[in-house]
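Contents: one structure, followed by commentary.
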């Protein structure tokens, strides 16, 4: 256990703030704090104010709940995106990950979490009602559930499937199987077993 | 290369500020930024302001150059510390490390760097004059050079040794050898060779 006796309360409070970030320990926090001490005052002011400004001024898109600098996010405002497909994700981070693949041209719906009875998160804590409303609109043809393949992800997907199944739309989910670049030998049994069951037609373009 | 297309300039600027910290990449920076977004506004305000406050209000001890909340640091103000021994270190972090060992009861002198011609840092860029002044005071009996055992550390130690050698004081340095818990097999040749040359009387209390 690293318990530095810090020589200054000001430094101590900065170390505590940094170590409140996910995955940051006291040692890294001290390193960051001493780094800031060596910077010009203006830089540290810009550093500190950037967080406050972001937290106070950021918007959430009133359609998909994605973060945005205005009331409607860039993706929902983009006329080139296909409004007929809604990709349902757990969090903002998932939108960023899928956007980075450059393989998706529809719109999104951020649930703001995942059904997890263990953490006390039920369907009513998530943006599910607004998803059903959006999915019921005439031009929507497909809802694409891009949730984690964990117990909670599967539970949420199943719940949404039942809620959406009355509508005349396609419900899809992300493909599962052995990852690209993965060694069969090190693939877990469940994934490998399912990938054998669900074998697909060979497409040379996938390689 | 991870280049997220971030959906907000505010988020983008926070990610850039976080990734300016030593060892923080864009992925971690995004994680920290999204963590802050989920916190109450007051917490983020306290977070951001802690850095600005520290940078603007921190003092450096006018004797040893250690950071402090007042003009004279806690260690220099402590009447129980031995003012006869001055431990010379490169940085604030080294003071914290040595203090954590609870094995030293003298005072410190922070050089604020180390002689490194490659980085353009010469003796005049460091707090060496004030060290010589302090070491010349009547009550000082020992100057203890606790510098890194790197080329730059050795150069600085040698420079200080020459500057101090006219004074009637003891000049010591940290012990070198095989670290506690280290495997001989994995100890580098230079360290092992010197540790054989400089073998010490066996003291059961060291184990």
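Listing for the model above:
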quantity	calculated
Average beta carbon contacts from partner chains per residue of B:91-103, 10 Å cutoff	3
Residue and distance (whole Å) for the chain B Cβ nearest the axis that superposes B on A	B:48, 2
Between 0 and 90°, nearest 10: helix A:151-164 axis offset from chain A longest Cα axis	50 degrees
Degrees between helix A:41-57 axis and first principal axis of chain A (Cα, 0 to 90, nearest 10)	40 degrees
Average partner coverage of B:36-42, which counts Cβ from other chains inside 10 Å	4
Cα→Cβ-extended label distance, 7 Å offset, between residue B:77 and residue B:175, nm	3.4 nm
In nm, spacing of pseudo-spin labels at residue A:20 and residue B:45 (7 Å Cα→C-beta vector)	1.3 nm
When the convex hull of its Cα atoms is projected in every direction, mean area for region B:60-173 (nm²)	6.9 nm²
Shielding by partners, peptide B:28-34 (average Cβ within 10 angstrom, other chains)	5
Within a Gaussian network of chain B (alpha carbon springs, distance under 10 Å), most fluctuating of B:129, B:168, B:183	B:183
Shortest-first distances to equivalent copies, position residue B:42, nm, label 7 Å out along Cβ	3.4
Helix B:9-19 vs. chain B, principal-axis angle (Cα, 0 to 90°, nearest 10)	10 degrees
Shape category assigned to region A:9-57 from the gyration tensor of Cα positions, a/c cut at 1.5	oblate
Modelled label reach - residue B:119, point 7 Å along Cα→Cβ, region B:24-68 residues with backbone N closer than 19 Å	B:24, B:65-67
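Coordinate-derived values only; no laboratory data. Keep in mind that what you see is a predicted model, and the values were worked out from it rather than measured. All Cβ positions, glycine included, derive from the backbone under ideal geometry; neighbour counts span all protein chains shown.
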